[in-house]
Amino acid sequence: MTRNSFITDERISSEGFLATFVRRVKEGQLGSFPVILALIVIVVVFQSANSKFISPANLVNLSTQVAFLAILALGINLILLLGEIDLSLAQLGGLSASLLGVLVVRQGVPPLIALVIMLVLGLVVGAIQGWFFAVVGIPAFVVTLAGLLAFTGLTLTTLGVQKNLSMSDTFAFDFASFYFPAIWAYVFGAVAVVGFGTGIIYSKLRRHNEGLDSPSWTSVIVRIVLLAAIVFGFLILVNQDFGLAMPFFLMIVIAIGIDLVLRKTKYGRSIYAVGGKVEAARRAGIRVTWVRISVFMAAGVLAALFGFIKTGVTTNAGSTLVSTQDLLNAIAAAVIGGTSLFGGRGTAWAAVLGALVVGAINNGLYLIGFNSDAQQIITALVLLTAVVIDALSRRGQRYVGRG
């Protein structure tokens, strides 16, 4: 053991959990703690107000609704990591869904081919908007605002005279209404927990061997046990009803993939670098223009997937499938989850956790009889709180020389 690693371990063990937590708060290194705490409070409050909140049937319904919101929020999240905003993603999802519906229902195109076409549409549109932003130099706000307006009109043009398009007997609906058998749900849960546990144990050992700060074994074990309890508790409950929904499973798989890309690849680190400081990233040899365009392309594909999943869940590919509220909820989810509006800081799981908070608030308020007006007001207050925490966190990081 090196002298540095000995000093690090001694400092961590003597500092204690509470002192470590206080230090991290002062330094603005809160991580996912605020949003996890918010989720706990939300569950306790709504379960106390209505015992159906964590019932099997409501959890299945909530997980399905959260799935398409989280997928859209993941797209927003990637753009926010660049320090930019995309106002068109929800409407791009609506345009993709209408194209899917017209191709499958009216034109008789095979569902898989239609799905590929709608994903390509998202990719191409993302590339075009990214090009206008990264190459031409038009602010992303303006480019995507124009996209929002254009996609709304193109959706109506694509649908033609009949603006409502039912998808109740199509591939999208079959996909969204599929529930895994209980045994497969438990297998997926076990794989997730084992993978998570292996990852954090490997990370701890590697950091320890290199003489860097590393979490204590107690912290590692507690995190693994908590995740296992949450995962299997959720699966036990939903398996008492329909089971694990395909949209929720797909959302988790996408989030894992994006998380691995952001944390484990050079490309992912480039996204953080560009979002943190563009000029510094350019001087470091990062292809800033390509990173920006490619992120918009990835967000466009996620928008198309959002449209596909929401179409299946709602059995609707018409003009009313998406609204401005979808976009606002997705932005709120990413920010509430902990992604900074100033770029360069956030994770894929921020979008998922934020979507859980937004979805749980809306679902819980609905169960206890509040209307949509109250839901929007409460979500706005939570969003404002998240932005305040973000600002205070950045101030703390600047104080210790990290921001």
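Taking region 63-78 as the range and being closer than 19 Å to Thr311 by Cβ, open to solvent by 10 Å² or more (accessible area, probe 1.4 Å) and of a type outside the set (Val, Ile, Thr) as the test, the residues that pass are Gln65, Phe68, Leu69.
Evaluating Glu84 against the criteria (1) open to solvent by less than 40 Å² (accessible area, probe 1.4 Å); (2) more than 22 Å from Phe308 (Cα to Cα) leaves one unmet condition, (1). Scanning region 312-329 for residues that are over 18 Å from Leu74 (Cα atoms) and in a helix (DSSP H, G or I) yields Gly312, Val313, Thr314. For the subset of region 285-301 comprising residues that are assigned to a loop (DSSP other than H, G, I, E, B) and open to solvent by 40 Å² or more (accessible area, probe 1.4 Å), which member is nearest to Leu80 (Cα to Cα)? Checking each candidate, the answer is Arg287. Return yes or no: is Ala330 at pLDDT 90 or above and out of contact with any Phe, Trp or Tyr (no Cβ under 9 Å at 6 or more places or on another chain)? No, not satisfied.
The number of residues in region 217-240 that are of a type in the set (Gly, Ala, Ser), buried (at least 16 other Cβ atoms within 10 Å of the Cβ) and either over 21 Å from Gly257 (Cα atoms) or touching a Pro at 6+ places or on another chain (Cβ under 9 Å) (or both) comes to 0. For first residues located in region 50-61 and touching a residue at least 60 places away in the same chain (Cβ under 8 Å), partners that are open to solvent by 20 Å² or more (accessible area, probe 1.4 Å) and of a type in the set (Val, Ile, Thr) and lie 6+ apart or on another chain with Cβ distances below 8 Å form the pairs Asn50/Ile368; Phe53/Val43; Ile54/Val43. Evaluating Thr157 against the criteria (1) free of Cβ contacts under 8 Å to residues at least 24 places away in the same chain; (2) within 30 Å of Leu82 (Cβ to Cβ); (3) among the polar types (S, T, N, Q) leaves one unmet condition, (2).
Being in a helix (DSSP H, G or I) and closer than 18 Å to Gly83 by Cβ is a property that does not hold for Ala304. Could you check region 244-293 and list, in sequence order, the residues that are touching a Gly at 6+ places or on another chain (Cβ under 6 Å) and closer than 30 Å to Tyr186 by Cα? Matches in region 244-293: Val261, Leu262. Of the helices (runs of 4 or more DSSP H) contained entirely in region 95-207, those carrying at least 3 residues that are out of contact with any helix residue (DSSP H, G or I) (no Cβ under 8 Å at 6 or more places or on another chain) and at negative phi fall at 111-131, 140-159.
Inside region 242-284, residues that are assigned to a helix (DSSP H, G or I) and surrounded by 14 or more Cβ atoms within 10 Å (Cβ to Cβ) make up a count of 28. Residues that are assigned to a helix (DSSP H, G or I), open to solvent by 50 Å² or more (accessible area, probe 1.4 Å) and touching a residue at least 60 places away in the same chain (Cβ under 8 Å) within region 332-366 comprise Trp349, Leu356, listed in sequence order.
The values are calculated or read from the model by the stated rules, or taken from the named source; none is laboratory data. Bear in mind that the values here come from a model prediction, so they are computed numbers and not experimental data. Here Cβ is always computed from backbone atoms with ideal geometry, including for glycine, and neighbour counts include all displayed protein chains. These accessible areas exclude ligands, DNA and RNA; they are computed on the full protein's heavy atoms, side chains included. Shrake-Rupley method; radii C 1.70, N 1.55, O 1.52, S 1.80 Å.
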